[in-house]
Amino acid sequence: KLRARAVEMDNELDQDFQNFDFEDLVEAKDCLLNVLSVAEEQHGTIDALSAAEKGSEGFNFSNCCAALSVLEAHASSNERLSSRVDKHLNELRERIMAHREDNINQKMALLTILSAVFMPLTLLTGIWGMNFESMPELEMKGAYQKALLGMLILALCMVFSFQRAGFTAHP
């Protein structure tokens, strides 16, 4: 059941990453750890019984040898299967983390672009907002409109150059 659930979670992750419930993976990992601990305990118990059978002189374990061999094979099989499922669940976790990191990186790229666009505009408004006696730009006719147009052109040129360089492309 656990292996089937891991495959099911893998398919869910492929189909709809945004709505994947990370708690399902945590629950599957907890269940796997329980199964693995039981398998290890069974294997240890079977090894102890096999050692006891070999070292006993007064008891006849001849009827139990085949059963112990089958139990040992099943315990080993459970450990190997648990190990494979554990690897699969770890790969799922790594894929989820990679998706989340990619999502964060895309958001950070957008914030960086916005910062780069607004930084020169903030500089210009800071310079023109200073109260000096002689600022010839303030006396010019239509200076306000020309300044706004210049800032708009600057911002659009920066956005265009970022798009052309591929910084705003989404996968």
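Just so it is clear, none of the values below were taken in a lab; they were calculated from the coordinates. Every value quoted in this text rests on a predicted model; they were computed, and no experiment measured them. Heads up, the Cβs are rebuilt from the backbone with ideal geometry, glycines too, and the neighbour counts pull from every protein chain shown.
Taking only the alpha carbons of the chain, what extent do you get along each of the three principal axes, in Å, biggest first?
Extents along the principal axes, in whole Å: 115, 32, 24.
Based on the alpha-carbon gyration tensor of the range 83-138 and its eigenvalue square roots a ≥ b ≥ c, which shape applies: rounded if a/c is under 1.5, prolate if not and a/b is larger than b/c, or oblate?
Prolate.
For a quick check, take a GNM of the chain with Cα springs below 10 Å and name the residue from PHE20, PHE132, PHE160 with the largest mean-square fluctuation.
The residue with the greatest mean-square fluctuation here is PHE132.
With point charges of +1 on the Cβ of Lys and Arg and -1 on the Cβ of Asp and Glu, referenced to the Cα centre of the range 1-146, which listed residue (ALA116, VAL70, ALA52) lies farthest in the positive direction of the dipole?
ALA116
Could you go through the range 98-112 in sequence order and give the Karplus-derived ³J(HN,Hα) for each residue, using 6.51 cos²θ - 1.76 cosθ + 1.60 with θ = phi - 60°, rounded to whole Hz, and x for Gly and Pro?
Along the range 98-112, the couplings run 5, 4, 5, 5, 5, 4, 5, 5, 5, 5, 5, 5, 5, 5, 5 Hz.
For LYS87, give me every one of the lysines with a C-alpha distance below 18 angstrom, ignoring sequence neighbours fewer than eight places off in its own chain.
Within the straight-line cut-off, LYS87 pairs with LYS1, LYS29.
Using the Karplus curve 6.51 cos²θ - 1.76 cosθ + 1.60 with θ = phi - 60°, what ³J(HN,Hα) values do you get for each residue of the range 17-28, in whole Hz, with x for Gly and Pro?
Values per residue, Gly and Pro as x: 5, 4, 9, 5, 8, 5, 5, 4, 5, 5, 5, 5 Hz.
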